[in-house]
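K.L.:
One structure, as structure tokens, below. Some questions next.
The values are calculated or read from the model by the stated rules, or taken from the named source; none is laboratory data. In this text the structure is predicted, and so the values were computed from the model without any measurement. Cβ atoms come from the backbone with ideal geometry, glycine included; neighbour counts cover every protein chain shown.
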Amino acid sequence: MSQFEPIEFFNTQRADVIARYALLPFNFTALDGTRYVVTNLAGEYILLEREVLQRLVSGALCAEDPLYADLRARQFLADEHSKMAPDLLAIKVRTRNEHLANWTGLHMFVLTLRCDHSCPYCQVSRQSENTAAFDLSREHAEKAVALTLRSPNPAIKIEFQGGESFLNFELLKFVVLTAEEANRRLGQPKDLKFIVATNLTVATDEMLDFCAQHEIGISTSLDGPRDLHNKNRPRPGADSYERTIRGIAKVRQRLGRRSVSALMTTTEASLSRAHDIVDEYVAQDFGGIFLRPLSPYGFALKTRFFRAYNAERWLQFYDEALDYVIELNRKGLEFQEYYASTILTKMLTCKDPGYVDLRSPAGIGMAGVIYNYDGTVYASDEARMLAEMNDTTFQLGTVEDSFETLYTNETFLQAVDETFAYSAPMCTDCAFEPWCGADPVFHWRQHQDMVGRKPESEFCQRNMHIFRGLISRMEKDPFVRRLFTRWAHTC
Amino acid sequence: MTESRVIEFDASAYSLLAIQKACHRFTNKASFEVSPVVRDGASFVRVSLSLLAEKNESELTLLVQQLNNEVLDQQLREQVREQTAPVRNLILAYAFSRTGLIAPDGAPPAA
């Protein structure tokens, strides 16, 4: 006797008559003139022609329809062969949202506002290198460490920010040693990691040895080739690029090849240099690049840098760079665009990489929190940049406050409540919602409204364009589908 | 002068909510006034739209066409939402059941 049921067992529905099925929840959004992107609650997607979509909704699909089995397999519909479908979908939704219960994992410490650079788009006011007036005090740092370890999250990352973090190296050491010691004393020590954001221009051997000893990751800035980088990041001697490149080499030598990552900022001067910027990252042996636009905060806004280009122009730049990255991969080079990888992980797997700007409810406070140099606590890095422009809407409190007081701050709770994209106007009907997020600080800055007006939102415009672009590229080209699937699984 | 137009939707074919949502989607291009009307015993939803910027007649026609299609989409979404409301709630309740984010009515959230 066979251990399998005969085929008739599985074919209880006749293929040529309308199938008996129930719809499971989904959303749809037009991809182009005829096709719709349809996503289920867990963010899995399928493309449907309008006519098929209408037949699906009106219950008129036959079991022999080419897409019927796919729609059932991805839990867009359930029939008598898929009674477990709602449970499976629920498990996927649970997996995707498991980070919510963990609370804040990223804790940023602004060690100093001092910096040796005078970048015109810098999001925090540049201060002199020689004054300690803009340094975080030991007393405040100690309290910030205690708040950090009070978070229920079992994995804590402390990120040092500036200014230039290494200009206050003594405090960096103090925070690392204090946090490690306090963590050891916990009943259940946390998975504690450190990262330092630095332009590397003042990094010494002593600093890097300390980083190596305590496994501190390095995140630096590289805006592109020499001329572009030095134009974007002026410093005395006009040698920012040379110092950063030397610093990257030194870090790799002492801490290992994968210990340093880089971020770039797109200025107006970058827009016509998409290929050059990608080539620079390839030449410096990075495994990928994170293409990101300027944010509407700080000096970027004061000096009108932010308005130097709009979302549409940035998207042209993004598309050009992404297509170039794809062509490099086609020629055999393994190289990623990390923003695309983050989104593709959400599109093609059940994991959520937890990227702060693509979280719903918004990642502010819940995903990351920042302890500013003066002991104030903000819900995100952007929130403290907003504060530099005298808008302290997103200040949670100070390091003197208790953990409970900080996280029951009314504005914070309001932001979390209002930015649940699942219930925000337009987002609630959008097929891209499971991949998207909310950025209340951005929308507050743009519209004085935490939710923002989506038809006018550049955040919405930018992400919708990228979502559509990634899907269109995958649908057109099997090579890109394979490549994007690989990216999705490495994020 | 900005272009404006009045269109009507049959209320037996389209819900007020679907029409309101469709209008909201184009609030970056036009302002809308939505009102239910009854005429000769039949119900309609009247939409008056005025372009926000000075544009020509053909652009207004294009916007009306886009609005008509969007109303169709919104009506279809409502059908899906209506048919799947119970299972949607079940799935979400299950998905968040261990997070402590959902509490029975009247009970405080789990610690």
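K.L.:
Under the condition of being among the hydroxyl-bearing types (Ser, Thr, Tyr) and assigned to a loop (DSSP other than H, G, I, E, B), which residue from the stretch A:350-377 is farthest from A:Lys143 (Cα to Cα)?
P.N.:
A:Ser360
K.L.:
Specify which of the listed residues (B:Ala107, B:Ala93, B:Ala85) is assigned to a loop (DSSP other than H, G, I, E, B) and either modelled with pLDDT under 95 or surrounded by fewer than 15 Cβ atoms within 10 Å (Cβ to Cβ) (or both).
P.N.:
Answer to the selection: B:Ala107.
K.L.:
Can you tell me which residue in the stretch B:22-75 is surrounded by the most Cβ atoms within 10 Å (Cβ to Cβ), limited to those that are part of a helix (DSSP H, G or I) and among the hydroxyl-bearing types (Ser, Thr, Tyr)?
P.N.:
The selected residue is B:Thr61.
K.L.:
Hey, among the residues in the stretch A:347-360 that are of a type outside the set (Gly, Ala, Ser) and under 15 Å from A:Gly105 (Cα atoms), which one's nearest to the chain's Cα centre (by Cα)?
P.N.:
The residue in question is A:Tyr355.
K.L.:
Does A:Phe412 qualify as being out of contact with any Leu (no Cβ under 6 Å at 6 or more places or on another chain) and buried (at least 23 other Cβ atoms within 10 Å of the Cβ)?
P.N.:
Answer is no for this residue.
K.L.:
Moving on to the next point. Just for the stretch A:17-36: of the residues that are more than 9 Å from chain B (Cβ to nearest Cβ) and farther than 18 Å from A:Gly59 by Cβ, which one is nearest to the chain's Cα centre (by Cα)?
P.N.:
Only one residue tops the list, namely A:Leu31.
K.L.:
Something else: Among the candidates A:Pro189, A:Pro234, A:Pro225, single out the residue that is more than 16 Å from A:Leu167 (Cβ to Cβ) and free of Cβ contacts under 8 Å to residues at least 12 places away in the same chain.
P.N.:
A:Pro189
K.L.:
Follow-up question, since we're still on this one. Please go through the stretch A:214-265 and pick out each residue that is outside any strand (DSSP E or B), touching a helix residue (DSSP H, G or I) at 6+ places or on another chain (Cβ under 7 Å) and small (Gly, Ala, Ser).
P.N.:
Of everything in the stretch A:214-265, those that are outside any strand (DSSP E or B), touching a helix residue (DSSP H, G or I) at 6+ places or on another chain (Cβ under 7 Å) and small (Gly, Ala, Ser) turn out to be A:Gly224, A:Ala238, A:Ser240, A:Ser259.
K.L.:
Name the residue, out of A:Asp439, A:Asp429, that is surrounded by 18 or more Cβ atoms within 10 Å (Cβ to Cβ), modelled with pLDDT of 90 or more and of a type outside the set (A, V, I, L, M, F, W, C).
P.N.:
Of the residues listed, the single one that is surrounded by 18 or more Cβ atoms within 10 Å (Cβ to Cβ), modelled with pLDDT of 90 or more and of a type outside the set (A, V, I, L, M, F, W, C) is A:Asp429.
K.L.:
Among (1) on the phi > 0 side of the Ramachandran plot; (2) at pLDDT 85 or above, where does A:Ala379 come up short?
P.N.:
Condition (1) is where A:Ala379 drops out.
K.L.:
Considering A:Leu149, A:Leu167, A:Leu172, which residue is closer than 25 Å to A:Thr405 by Cβ, in the same structural domain as A:Arg257 (by TED's automatic domain parsing), assigned to a helix (DSSP H, G or I) and touching a residue at least 40 places away in the same chain (Cβ under 8 Å)?
P.N.:
A:Leu149
K.L.:
Could you tell me whether A:Cys119 is more than 14 Å from every other protein chain (Cβ to nearest Cβ), more than 30 Å from A:Ala203 (Cα to Cα) and touching a residue at least 24 places away in the same chain (Cβ under 8 Å)?
P.N.:
no
K.L.:
Still on this model: Can you tell me which residue within the stretch A:68-113, out of those that are surrounded by fewer than 19 Cβ atoms within 10 Å (Cβ to Cβ) and outside any helix (DSSP H, G or I), is nearest to the other protein chains (Cβ to nearest Cβ)?
P.N.:
Among residues in the stretch A:68-113 that are surrounded by fewer than 19 Cβ atoms within 10 Å (Cβ to Cβ) and outside any helix (DSSP H, G or I), the one nearest to the other protein chains (Cβ to nearest Cβ) is A:Asn97.
K.L.:
Regarding A:Leu47, is this residue in a helix (DSSP H, G or I) and surrounded by 16 or more Cβ atoms within 10 Å (Cβ to Cβ)?
P.N.:
So A:Leu47 does not fit the description; no.
K.L.:
Now for a separate question. Select from the stretch A:220-242 the residues that are surrounded by fewer than 18 Cβ atoms within 10 Å (Cβ to Cβ) and among the small types (Gly, Ala, Ser) and list them in ascending order.
P.N.:
Once the filter is applied, which keeps residues that are surrounded by fewer than 18 Cβ atoms within 10 Å (Cβ to Cβ) and among the small types (Gly, Ala, Ser), the stretch A:220-242 yields A:Gly237, A:Ala238.
K.L.:
Name the single residue, out of those in the stretch A:30-44 being part of a loop (DSSP other than H, G, I, E, B) and small (Gly, Ala, Ser), that is surrounded by the fewest Cβ atoms within 10 Å (Cβ to Cβ).
P.N.:
A:Gly33
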